[in-house]
1. Can you pull out every residue in the stretch 42-51 that is surrounded by fewer than 14 Cβ atoms within 10 Å (Cβ to Cβ) and among the β-branched types (Val, Ile, Thr)?
2. Would you please name the residue that is surrounded by the most Cβ atoms within 10 Å (Cβ to Cβ), looking only at residues in the stretch 60-76 that are closer than 13 Å to residue 50 by Cβ and not hydrophobic (A, V, I, L, M, F, W, C)?
3. Would you confirm whether any residue within the stretch 31-38 is modelled with pLDDT of 80 or more, in contact with a Ser or Thr (Cβ under 8 Å, 6 or more places away or on another chain) and in a loop (DSSP other than H, G, I, E, B)?
4. Mind checking which residues of the stretch 29-46 are under 21 Å from the mean Cα position of the chain (by Cα) and not small (Gly, Ala, Ser)?
5. So how many residues does the stretch 61-82 have that are among the polar types (S, T, N, Q) and part of a loop (DSSP other than H, G, I, E, B)?
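The values are calculated or read from the model by the stated rules, or taken from the named source; none is laboratory data. Here the structure is a predicted model, which means the values were calculated and not measured. A quick note on method: Cβ atoms are made from the backbone with ideal geometry, for glycine too, and the neighbour counts reach across all protein chains shown.
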Amino acid sequence: MVDDGRRWIPEDGLRKHRDKIHRESKIADTKNLPYTITRPPVRKSFVWFECVECGRSFSAAKNTCMIVCPECKKLTKVRQLHE
């Protein structure tokens, strides 16, 4: 097992690991399972906000109006940044 800081890499290498995932996914497709194995959805509705108290900027869902700020640790209103 190798750790390159970004993700875990198996000892056999990424190619062998990727082939195993594809092979197991094809086996799951042939069975009549009540779910499908797919990639997670891409989050497209995230925008940048700024904390009203401390001014820290962060990304959140576009309909956010309040959040517990990771910097000041308070429940505060947020202001959408227009970039």
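1. 42
2. The selected residue is 76.
3. No, the conditions are met nowhere in the stretch 31-38.
4. 35, 36, 37, 38, 39, 40, 41, 42, 43, 44, 46, listed by residue number.
5. The total comes to 2.
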